Structure formats: structure tokens, C-alpha cells
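What follows draws every value from the coordinates through simple rules; no lab data is involved. Quick caveat: nothing in here was measured; it's all calculated off a predicted structure. Note: ideal-geometry Cβ built from the backbone for every residue, glycine included; neighbour counts use all protein chains shown.
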Amino acid sequence: MKKNISKSSLLALIVIGILLLVMYRKNHLERRSFTSISSTFTEVYNDRLVVEGYIFQISENLIQIQKLIDHCNIDYDYSKVINEITTHEDAILAIVEDFEKTKLTDQEAVYLADFRKIIEQDLTIKSYDLLFSDSSGVNLKQVKTYDEKISQAHQDLQNLSKIQMEEGEKLISKAKILVNRSQVWAQFEVALLIILMLAIALLLFRKPENSQGQY
């Protein structure tokens with residue numbers, strides 16, 4: 001004799017179907033969340049930590065340029081100083097090019113453009129006579145002008161470094177939110193699994209109503 005599906009069994013099947021759909025959707029959201037977390041930490045490394053290294057390298061080269069301009073080392077041979085300054089400036093511009101390929105905020109782009117302008121235009125020294133002459137010694141006025149431009153360049157670097165900290169903190173906060181959301185979803189998944197097991201148990205072990213009293 002053909003058995004009919006009881007209302008409770010049908011309800012259990014419906015619940016199981018709904019739970020499976022919800023778990024599939026949850027799994028899809030979870031994969032997106034982990035992709036976002038991975039992307040966030042990649043951005044922290046590539047666009048913030050690496051960039052902070054760029055800023056440090058640029059600053060080191062800029063300090064060397066200032067030392068050469070200011071004639072800090074009395075015993076130093078300044079006969080090739082223009083070539084050495086140019087070498088440091090070329091190194092800086094090469095790093096700036098790598099910097100420009102990262103994900104820049106609008107404010108970063110402004111500071112970086114101003115910094116590039118200082119290096120390419122304001123600190124380009126064509127002749128050593130602008131810094132020193134045998135007759136009058138160090139050209140203090142011109143050196144002071146260069147020092148002011150270098151100070152401005154250092155200020156741009158400080159502003160860029162500050163942005164790295166601020167943007168890095170934002171990215172870390174975003175990652176924490178995504179991780180916390182994943183933990184909530186994990187707890188929700190456990191609850192769904194419990195409900196699913198109860199629904200399956202109801203479907204498997206509950207006798208159909210029309211079978212009661214039959215042998």
C-alpha cells in the first residue's frame with residue numbers, strides 16, 4: 001500500500017531545502033569575505049608598508065643631497081659634487097616612479113607631484129659655481145635657497161608618511177570588521193547545521209500519520 005508523506009515530513013523537507021539554500025548563500029558570502037580580507041592585507045603591504053620603505057629611501061638620498069649642498073664635510077672632494085647630486089636625484093626619481101604606480105589617495109598624489117617638482121626643477125644644479133667659487137667661497141644665499149626647497153621636500157615626505165599610517169589603520173580596521181563578520185557567520189552556520197540535523201531526524205524517524213495502527 002502506497003504511503004502518503006505526512007505534513008511534518010513535508011515541512012521537514014521544506015526546512016531542509018531552505019537551510020541548504022541559506023548555507024549555499026552563506027558559503028558564497030564567506031568566500032567573498034575571505035577574498036576581501038586577502039585583498040586588504042595585500043593592499044596594506046603593497047601600498048602602505050612598501051611605500052613607507054620608499055619614503056625612507058627617498059629621505060636618505062635627500063639627506064645626502066643636502067650634505068653635499070651644505071658642504072658639511074670639510075675634507076670631502078667636491079670636484080664631482082654635481083654628478084653625485086645628480087646620481088642621488090636620479091635614484092629618488094626612480095623610487096618616485098615606483099611610488100606613483102601604487103594606489104594613491106588624492107592627497108598623496110598632490111604631495112608626490114609637489115615633491116617631484118622640487119627634485120626635477122628646484123634642486124637641479126647645472127653648475128658647481130652656483131654653490132661655490134674660489135673667489136667668494138660657498139654661495140650662502142643660493143645654498144640657503146636650496147636648503148629651503150629641501151625642507152619643503154622633507155615636509156612632503158612627512159605628510160606622505162603620515163598618510164601611510166592613517167590609510168594603514170583604515171585598512172586594518174576594515175580587515176577586523178571582515179574577520180568579525182566571518183566569526184558571526186560561522187556561529188550562524190553552526191546553528192543552521194543543528195536545525196538541519198533536527199529536520200533530517202524528524203524526516204527519518206517520524207512515522208507517517210496514516211501508518212499509525214497498521215502492522
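Less than 5 angstrom separates the built amide H of ASN139 from those of PHE132, SER133, all sequence-distant by 5 or more or on a different chain.
Over the range 43-112, the alpha carbon radius of gyration divided by the compact-protein estimate 2.2 N^0.38 Å works out to 1.34.
The stretch between ASP98 and ASP147, if pulled fully straight at 0.36 nm per residue, gains 15.1 nm over its current Cα-Cα span. With a Förster radius of 45 Å applied to the C-beta separation of GLN107 and ILE195, the computed FRET efficiency comes to 0.35.
Both radii were evaluated on the Cα set of the range 102-156; the Rg over Rh quotient, with Rh as the Kirkwood radius, amounts to 1.15. The base-10 log of I(q)/I(0) for the range 51-194, evaluated at q = 0.10, 0.15, 0.22 Å⁻¹, reads -0.47, -0.79, -1.30 [Debye formula, identical scatterers on Cα atoms, solvent excluded]. In order along the range 120-132, the phi-based Karplus estimate (6.51 cos²θ - 1.76 cosθ + 1.60, θ = phi - 60°) of 3J(HN,Hα) comes to 6, 10, 6, 9, 6, 10, 7, 9, 5, 4, 5, 9, 8 Hz; Gly and Pro are listed as x. About the centre of its Cα atoms, the range 51-194 shows a dipole size close to 540 debye [charges on the beta carbon of Lys, Arg (+1) and Asp, Glu (-1) only; nearest 20 debye].
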